[in-house]
1. Can you pull out the residues in region 74-92 that are out of contact with any Ser or Thr (no Cβ under 9 Å at 6 or more places or on another chain) and more than 30 Å from Leu34 (Cα to Cα)?
2. Can you name the helices (runs of 4 or more DSSP H) wholly within region 138-220 that have at least 1 residues being within 16 Å of the ligand (Cβ to nearest atom)?
3. Take the conditions modelled with pLDDT of 90 or more and either touching a helix residue (DSSP H, G or I) at 6+ places or on another chain (Cβ under 8 Å) or polar (S, T, N, Q) (or both) and apply them to Arg196. Does it pass?
4. Can you name the residue in region 45-89 that is within 21 Å of the chain's Cα centre (by Cα) and without any contact (Cβ under 8 Å) to a residue 40 or more places away in the chain and, of all such residues, is farthest from the ligand (Cβ to nearest atom)?
5. Does Leu19 satisfy the condition of being within 13 Å of the ligand (Cβ to nearest atom) and touching a strand residue (DSSP E or B) at 6+ places or on another chain (Cβ under 7 Å)?
6. Mind listing just one residue for me: the one in region 22-38 that is within 14 Å of the ligand (Cβ to nearest atom) and under 14 Å from the mean Cα position of the chain (by Cα) and, of those, surrounded by the fewest Cβ atoms within 10 Å (Cβ to Cβ)?
7. Between residues in region 157-186 that are within 15 Å of Val138 (Cβ to Cβ) and residues that are of a type in the set (S, T, N, Q), which pairs lie under 6 Å by C-beta distance while being six or more apart or on different chains?
Amino acid sequence: MILARAVQATRRYGDVTALDRVDLDLHAGELVGLLGPNGAGKSTLLSLLVGLRRTSSGRVELLGGDPRDPAARRRIGMTPQETGLPPTLRVGEVVDFVSAHYADPVPRAELLGRFGIDDLARRQTGGLSGGQKRRLAVALAFVGRPRLVFLDEPTTGLDVTARRELWDGIRQFHADGGTVLLSSHYLEEIEALAHRVVVLGRGRVLADDSVTAVRDLVGVRRVSLVAPELPSLPGVRGVERIDGVTHLLTTDADQLVRDLVGSGVAFSELEIRPTSLEDAFLAITDGAGPEATGTPVTVGSDAPSDAVGSDTRPAQPADV
Ligand SMILES: Nc1ncnc2c1ncn2[C@@H]1O[C@H](COP(=O)(O)OP(=O)(O)OP(=O)(O)O)[C@@H](O)[C@H]1O
């Protein structure tokens, strides 16, 4: 069952085309990550789907109807990128105020507990830290027991512990049958939470598939080694040096290793790993943008695969 849909959705702001003929189907029970660099059109797509903005052409549907219909919007939850909270109200009062709009809201203590902020109920929102405000803003999206939740960069500005607590709240909602579309700059977040990833670039869908398939789609491998210096090698799509280790991104690791050996350079600690979502993302959004190809590399999938969190690199998110 499709809960939200964009069909050739285009949105222009003056002469800026923020979204360009985007197709997206969000099925019941999915947890989908929306990934893209700054200005890719993520917030614009979310704002169309929740009825905050209109398409310039194409159309969007929410719960089978018009997203601007209040009946449809009552059954969704949304946390925009920036939220204003009334500074003199207490956290509990804000929750009660929002709850009053719904027939069967989640009880206050349960909601705050789910997002790890139950100890803040009596605090004025004006005195909360940025991270505490963010958690409250995200919690409020869930108060009306929505079927579908849209979260625009929910964990921006949160420390690692707060981010994980918030992930737990989102996971619990999903495990109970909820559907989620969340945008993020944190690749680690998409890998940890999402079953499916939609990569946006310059307003176009560049890839739409399971996290695993998006990695495989680009077939990038990470070849890591320690070497004093390296000659220029063919087929290298990116180079990073971290803590004395050089990481080379390539689509043909076998050939790269042959070239390395052939170059006579002294190297050690050679390691070849499958790509992370970050590597795949860089490969997809680098260079061959939509203007260059004219065709998104969407491969589509019928069934979302399992969540992927197998990357062994440190838990520091990479902000793109
Ligand atoms: N109200 C607006 N008026 C004019 N241009 C806008 C407006 N909102 C967005 N844009 C432009 O549309 C494009 C897409 O912006 P959008 O905010 O949707 O991207 P995003 O992927 O959410 O970016 P970020 O990751 O930085 O939040 C950008 O070029 C942006 O400058």
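The values are calculated or read from the model by the stated rules, or taken from the named source; none is laboratory data. In this text, all values refer to a predicted model and were calculated from it rather than measured experimentally. So basically every Cβ, Gly included, is an ideal-geometry build from the backbone, and we count neighbours across all protein chains shown.
1. Gly92
2. Numbers: elements: 160-175, 187-193, 211-218.
By residue number, 187-193.
3. Yes: the conditions hold for Arg196.
4. Gly51
5. Values: within 13 Å of the ligand (Cβ to nearest atom): yes; touching a strand residue (DSSP E or B) at 6+ places or on another chain (Cβ under 7 Å): yes.
Answer is yes for this residue.
6. Top of the filtered list is Asn38.
7. Final answer for the pair search is Arg163/Thr155; Leu166/Thr155.
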